[in-house]
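The values are calculated or read from the model by the stated rules, or taken from the named source; none is laboratory data. Keep in mind that what you see is a predicted model, and the values were worked out from it rather than measured. When we count neighbours, we look across all protein chains shown, and the Cβ atoms used for this are built from the backbone with ideal geometry, even at glycine. Just the protein is used for accessible areas: all its heavy atoms, side chains included, with ligands, DNA and RNA removed. Shrake-Rupley method; radii C 1.70, N 1.55, O 1.52, S 1.80 Å.
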Amino acid sequence: MIRVLVTGANGQLGNTFRSIAKEYSTLNFVFTTSDDLDITNIGDLKRFFKANRFDFCVNCAAYTNVEQAEKTPEPAYAVNADGAKNVALACKEHSVILIHISTDYVFDGEKETPYTIDDKPNPINEYGKSKLLGETKIQETLKNYHIVRTSWLYSEFGKNFYKTILHKAKTEKTLYITDEQMGCPTNARNLAAFIIEELILKNKAFGMHHFTDGEAMSWYTFAKKILHENKMIKGIRLERAKDFSTFAKRPGYSVLK
């Protein structure tokens, strides 16, 4: 039986893996949270890998607070860069195939057509820089790996745009949503299925991958689709936000091909 370690199991994607694990009878999943396994501690990682046998490690552990990372970047780099390297080192020592999750935020958003795996990254905020550094450290450590960049992840778990819109629609009559950013919303279940079915079960070629649900849209359009999908559009005014700004710069166009 194929043994798969999933780190960061309390996050959106980790919880999604938990929810679909029983659908794959040939896989034996082991889920760890930051309380169980701190990827910033290389000693703990090596001891854990030595005590357990794994074929794959899906590294879902990440620091994802984009705004806070801009103000205090150290925790983001500790997890997203140094932590990623630690996981890569443990995988290398124990011949485990690493599947690492990255982001569209490694790009600057200046392009007007979808980003390919051959486009040169140029992150414009600390979160994106920390994730890119993590990619680089993995590539420097391992010959065989999977890095999967995704974007605008949503699910039934944790905090995400989809759930925020549903909550606001129940409490507010007018929603102000920006249309100044373009990306591809991605259902975490589809991403998890891609990782399991293509990277683990079908042994897709190692390297960099882009995975999204494929439909490019603005946050405004995504909000409209969410409201329609949940039959909540009536009685809600959806307005384009004016003077939308965040502390951290965001790529205006981060569509992944």
So what does the Cα-only Debye profile of the range 155-248 read at q = 0.11, 0.18, 0.21 Å⁻¹, as log10 I(q)/I(0), no solvent term?
-0.42, -0.90, -1.09
Two-site label geometry, residue 167 and residue 230: point separation in nm, points 7 Å out along Cα→Cβ:
1.1 nm
Using the Cα gyration tensor of the range 109-218, the equivalent ellipsoid's semi-axes, largest first and to the nearest Å, work out to 29, 18, 13
Cross-link pairs beyond the 28 Å C-alpha cut-off, checked among 143/249; 129/257; 159/225:
143/249
In degrees rounded to 10, the 0-90 angle between helix 126-141 Cα long axis and the longest Cα principal axis of the chain is 30 degrees
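With a 1.4 Å probe and all protein chains left in place, how much accessible area per residue does the range 80-219 have, in Å²? Intermediate results must be reported in sequence, preceding the final value.
Numbers: 6370 Å² over 140 residues.
Here the residues of the range 80-219 average 46 Å² of exposed surface.
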Over the range 152-210, what relative contact order in percent results from Cα pairs under 8 Å that are six or more residues apart?
36 percent
Based on DSSP H runs of at least 4 residues, each adding -39500 (n - 2.57), what is the mean residue ellipticity at 222 nm of the chain after dividing by all its residues, to the nearest 500 deg cm²/dmol?
-9500 deg cm²/dmol
Projected area averaged over all directions for the convex hull of the alpha carbon atoms of the chain, nm², comes out at 13.9 nm²
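Only bridges whose two residues both fall in the chain count here: according to DSSP, what percent of them are antiparallel, nearest 5?
Antiparallel bridges make up about 5 percent of those DSSP assigns within the chain.
To the nearest whole percent, what portion of all C-alpha pairs in the range 1-141 is separated by more than 27 angstrom? List each step's numbers first, then the result.
Values: 2271 of 9870 pairs.
Counting every Cα pair in the range 1-141, those more than 27 Å apart make up 23 percent.
Give, in nm to one decimal, the length gained when the segment between residue 215 and residue 35 is fully stretched (0.36 nm per residue of separation minus the Cα-Cα distance).
Values: separation 180, 0.36 × 180 = 64.80 nm, distance 3.60 nm.
Full extension of this stretch gives 61.2 nm more.
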What are the extents of the Cα atoms of the range 92-149 along their three principal axes, in Å, largest first?
41, 22, 15
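What number, in nm² with one decimal, is the all-direction average of the projected area of the convex hull of the alpha-carbon atoms of the range 185-224?
Numbers: hull surface 13.2 nm².
Here the figure is 3.3 nm², rounded to one decimal.
I'd like the carbon and sulfur percentage of the solvent accessible area for the range 1-119, probe radius 1.4 Å, heavy atoms only, ligands and nucleic acids excluded. Intermediate results must be reported in sequence, preceding the final value.
Values: 2540 of 5440 Å².
Summing carbon and sulfur atoms, their accessible area is 47 percent of the total for the range 1-119.
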Where Lys and Arg each count +1 and Asp and Glu each count -1, what net charge lies around residue 203 among other residues with Cβ under 13 Å from its Cβ?
-1
Projected-area mean, the range 22-92, by convex hull of Cα positions, square nanometres
5.7 nm²
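Taking all protein chains in place and a 1.4 Å probe, what share, in percent, of the accessible surface of the range 138-257 do carbon and sulfur account for? Walk me through the intermediate numbers first.
On the way: 3200 of 6670 Å².
So the carbon and sulfur contribution to the accessible surface is 48 percent.
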Counting pairs of alpha carbon atoms under 8 Å apart in space and at least six apart in sequence, what relative contact order in percent does the range 1-103 give?
32 percent
If you average the sequence gap of Cα pairs under 8 Å that are 6 or more apart and divide by the length of the chain, what percent do you get for the contact order?
22 percent
